[in-house]
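Asks: Have a look at this one.
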Amino acid sequence: MIEGGTGELIERARVEAGLSQRALADKTGISQPTLSRIISGDRSAKMPEIVAIAWATGRTVAQLTGGRAVADRVQCAARATNGSGMDGMRQALLHFLELDDYLDEQAIPATI
Amino acid sequence: MSAEDEGAAAAGRFREEHRLGVQPLGDLIAIIEQTTGIDVAVLDVGPDEHGLTMRDPERDTMFVGVARTLYPMRQRSTLAHELCHIRFGDWADADAGNWSERSPAEIRADAFARHLLLPLNGLREVLANKSQITESTLSAVVQRFVVSPAMAAIALYKAGYIDAATKGEWMSLSAPQLAVRFGWIDQYQALQADSNKRRAPQKLLARATRGYVEGVLSAQAIATLRGITLDAVEAELREAGIAPVEHPVAWADPADLPDVPMDWAALDTDLGAPDEPEHPTGGTTPR
């Protein structure tokens, strides 16, 4: 069982994949009420459910379980105005780094 | 050395190292990708997020992101600005906070961008025979080097072509204003269309596609990376003849399996188990 935070990460992955909650439920075979409870944090997600959600949203399991080792160590250099916190870009680039890390782990070579 | 001078010197070195001469630079994304090997992505983000470089120090991998925008000159200066941060290793922790602050590193990066995109000797080369510098000259510089009028005005001032008052006046002009007045609005709109398009990080996308073929990533992962729908990605992959490789499972007939002799008695002896069932009901000893 995976505790806390996962609901939020799943919700973000769902939105970025452009899927409605209903569509995600259909793709994963998890009932919509169950999915809704997982997202709101009322119920923990079981590992097979996380695997199914990761596949359907194009995320890695590590990204959905909060095992985000990459996020804790990244460094940044930015250009922003009006005190922007750069949230959109930080999330996008973090996703790239995590995906790259995952592909490393899976021994997928760079092709170019 | 001031931050301004440091940025200018670094820009000159960059042009020298990569044999870029004093000519205008074309596709900056390609220049960054080819000179640094770092993937650049054009992202759909909030209006105040211009550019970000993120680095994983453990694996020394980096990605540069710039915003999709209708202001092509600004996107170019942001790219050049990020390139400076990479060259100088201006890293801060991801949650360091105020990204809009005018630190010396920011001033240096702005100077680097200006001198990289519009080198003063490149400007002098173009204007060598000009006797009179007018707004038409400004427009030509903006169009040729694909920089903002503000950047061009600062360079014209620094190279001694105009006075401070003219610089101030010209800095308030916009590129589309000049493009309309001096007849290159079509070209400007083409630049806009280009800078306003999302662009996925090329190497990562290629690698993700390989991951899809190997079955470790779903097509949705590629769709998210590109910011398009799953249907569109699936159609593209199909048309390109790209499909996950099948890893067939070799099933054996049980009858073909070798007969492995097992001596349970020896195991019982090893475990010191009694020979007879202990249960009075006569059940067998579980093994």
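Asks: Compare B:Ala221, B:Ala200, B:Ala255 in a GNM of chain B, Cα atoms joined below 10 Å, and give the one with the largest fluctuation.
Replies: The residue with the greatest mean-square fluctuation here is B:Ala255.
Asks: How much FRET efficiency would the formula 1/(1 + (r/R0)^6) give for A:Ala62 and B:Glu16, where r is the Cβ-Cβ distance and R0 is 41 Å, rounded to 0.05?
Replies: According to the calculation, E is roughly 0.45.
Asks: Something else now. Is there a simple number for the mean count of other chain Cβ atoms within 10 Å of the Cβ of residues in B:39-46, and what is it?
Replies: Across B:39-46, the average partner-chain Cβ count within 10 Å equals 4.
Asks: If you don't mind, there's one more thing I want to ask. Test of understanding: extend the Cα→C-beta vector of B:Asp44 to 7 Å, then name every residue of segment B:225-250 with backbone N under 12 Å from that spot.
Replies: Once the point is set 7 Å along Cα→Cβ of B:Asp44, B:225-230 turn out to lie under 12 Å by backbone N, inside segment B:225-250.
Asks: In cubic angstrom, how much convex hull volume per residue do the alpha carbon atoms of chain B span?
Replies: 287
Asks: Ok, one more. Go through A:Leu24, B:Ile228, B:Thr134 and say which Cα lies farthest out towards the positive end of the charge dipole of the protein assembly as shown; charges sit on Cβ, +1 for Lys and Arg, -1 for Asp and Glu.
Replies: Of the listed residues, the answer is B:Thr134.
Asks: Expressed in nm to one decimal, what extension gain is obtained for the pair B:Asp60 and B:Glu236 from 0.36 nm per residue of sequence separation less their Cα-Cα distance?
Replies: Roughly 60.2 nm would be gained on extension.
Asks: Can you pull out the trypsin sites (Lys or Arg not before Pro) in segment B:173-215 that DSSP calls coil and that have at most 10 other Cβ atoms within 10 Å?
Replies: In loop regions of segment B:173-215 (DSSP not H, G, I, E or B), the sparsely surrounded trypsin sites (Lys or Arg not before Pro) are B:Lys197.
Asks: On to the next question. Straight-line reach from A:Lys46: which aspartates and glutamates fall under 20 Å, measuring Cα to Cα and dropping same-chain residues less than 8 apart?
Replies: A:Glu3, A:Glu8, A:Glu11, A:Asp26
Asks: Further question on the same structure: Output needed: percent of Cα pairs per 10 Å distance bin for segment A:6-106, bins running from 0 to the one holding the longest distance.
Replies: Calculated P(r), rounded to whole percents: 14, 45, 28, 11, 1.
Asks: When the dipole is taken about the Cα centre of segment B:3-196, and only Lys, Arg (+1) and Asp, Glu (-1) are charged at their Cβ, what size is it in debye, to the nearest 20?
Replies: 900
Asks: I'd like the orientation of helix A:87-105 relative to chain A: the angle between its Cα long axis and the longest Cα principal axis, in ° from 0 to 90, rounded to 10.
Replies: 80
Asks: If the viscosity is 0.692 mPa s and the temperature 37 °C, what translational diffusion coefficient in µm²/s does Stokes-Einstein give for the protein assembly as shown when Rh comes from Kirkwood over Cα pairs?
Replies: On the way: Rh = 24.9 Å.
Here the translational diffusion coefficient equals 132 µm²/s.
Asks: What is the distance in Å between the Cα centres of segment A:1-47 and segment B:174-253?
Replies: 26
Asks: Let me ask something else. In degrees from 0 to 90, rounded to the nearest 10, what is the angle of the helix A:47-57 Cα long axis to the longest principal axis of chain A?
Replies: The angle comes out near 60 degrees.
Asks: A further question on this structure: For segment B:213-262, state which GluC sites (Glu not before Pro) are in a DSSP loop and have at most 11 other beta carbons lying within 10 Å of their beta carbon. Each step should come with its number before you reach the end.
Replies: Numbers: sites: B:Glu214, B:Glu234, B:Glu236, B:Glu239, B:Glu246; in loops: B:Glu214, B:Glu246.
For GluC sites (Glu not before Pro) across segment B:213-262 that sit outside H, G, I, E and B with at most 11 neighbouring Cβ atoms in 10 Å, the list reads B:Glu246.
Asks: Dipole magnitude of segment B:40-84 about its Cα centre, charges +1 at Lys/Arg Cβ and -1 at Asp/Glu Cβ only, in debye to the nearest 20?
Replies: Details: 5 positive and 7 negative charges, 47 e Å.
Computed about the Cα centre, the dipole is about 220 debye.
Asks: Let me ask you something else. Suppose every Lys and Arg Cβ carries +1 and every Asp and Glu Cβ carries -1, with no other charges. What dipole size does segment B:1-104 come out with about its Cα centre, to the nearest 20 debye? Before the final figure, lay out each step's value.
Replies: Details: 10 positive and 19 negative charges, 93 e Å.
Here segment B:1-104 has a charge dipole of around 440 debye.
Asks: What residue among A:Gly88, B:Ala109, B:Gln187 has its Cα farthest toward the positive end of the dipole of the protein assembly as shown, where the charges are +1 on Lys, Arg and -1 on Asp, Glu, each on the Cβ?
Replies: Selected residue: B:Gln187.
Asks: Further question on the same structure: If you take the beta carbon distance between B:Ser2 and B:Arg102 as r and set R0 to 22 Å, what does 1/(1 + (r/R0)^6) give as a FRET efficiency, to the nearest 0.05?
Replies: Numbers: r = 14 Å, r/R0 = 0.62.
In this case the efficiency is close to 0.95.
Asks: Turning to a different aspect of this structure: Farthest toward the dipole's positive end in the protein assembly as shown, which of B:Val249, B:Leu20, B:Val260, given Cβ charges of +1 (Lys, Arg) and -1 (Asp, Glu) about the Cα centre?
Replies: Of the candidates, B:Leu20 comes out farthest on the positive side.
Asks: Still on this structure, please answer the following. Can you give me the relative contact order of chain B as a percent, contacts being Cα pairs under 8 Å and 6 or more apart?
Replies: Computed over chain B, the figure is 18 percent.
Rule-based calculations on the coordinates, nothing more; no lab input. The shown structure was predicted, so the numbers you read here are calculated from the model rather than taken from an experiment. Methodologically, a virtual Cβ is constructed for each residue, glycine included, from the backbone with ideal geometry; neighbour enumeration extends over all protein chains shown.
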